[in-house]
Amino acid sequence: MQAARAVGLSVRVASRNYPAIARNALIQRSALPSRGAVRTITLKPVSPATASDVLNAQRIKRPSSPHFTIYEPQITWLASIANRVTGGALSGLLYAFSIAYLAGPVVGIPVDSAHIVDLVHSLPEWAKISGKTLLAAPFAFHAWNGVRHLSWDSVKLMSVKQVTRSGYAVIVASAISTVYLVM
């Protein structure tokens, strides 16, 4: 049936099933293809480079997804994106530090607790606060948003109003937790 629709045969099938539609002369003239009309397609062999150029030219003319331009940003999908970004960033930092901690002695770079404490102690106060904030903010947000997701897993806070309120509550709790962890 899909192949018939692709070539324009679906109108004929519908008119055969519903003869009352086909009796209307206006519908017959506008919707039904004329009996003598034949649509021909000519295919030309092209090189892969030319095919790639044609495809790239078509992609440039193609509009981008409209979801950023037609939908109003909502706390639910903004929080979802932020949760994924913070989770990825925290995981990346954990892996980087773990590899540095394990490979440091092999390469000759001291990455033990005593050297890390000395490094942090030698930093100016603004650098310490900035570093703590850069670590605490994603951690707090990801932790509180994880609690929010656990509440959804237990089928709580599931109405639209509760989901929106819990999203704003996660932001407020994250801000308070970040300030607490930094100070």
Gain in span if fully extended, V46 to L135, counting 0.36 nm per residue against the direct Cα distance: 26.6 nm
Whole-number accessible area per residue in Å² for segment 137-183, which is evaluated in the context of all protein chains at 1.4 Å: 68
Cβ-defined net charge surrounding S166, 14 Å radius [Lys, Arg +1; Asp, Glu -1]: +3
Extension gain from R59 to Y95, taking 0.36 nm per residue of separation minus the Cα-Cα distance: 9.2 nm
Label point distance in nm, V38-V160, each placed 7 Å from Cα along Cα→Cβ: 5.5
Segment 48-138: C-alpha gyration tensor shape, a/c 1.5 cut-off, then a/b vs b/c: oblate
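The values are calculated or read from the model by the stated rules, or taken from the named source; none is laboratory data. Please read all numbers here as calculations on a predicted model, not as lab measurements. Cβ sites come from the backbone with ideal geometry, for glycine too, and all protein chains shown count toward neighbours. The accessibility values were calculated without ligands, DNA or RNA, using every heavy atom of the protein model including side chains. Shrake-Rupley method; radii C 1.70, N 1.55, O 1.52, S 1.80 Å.
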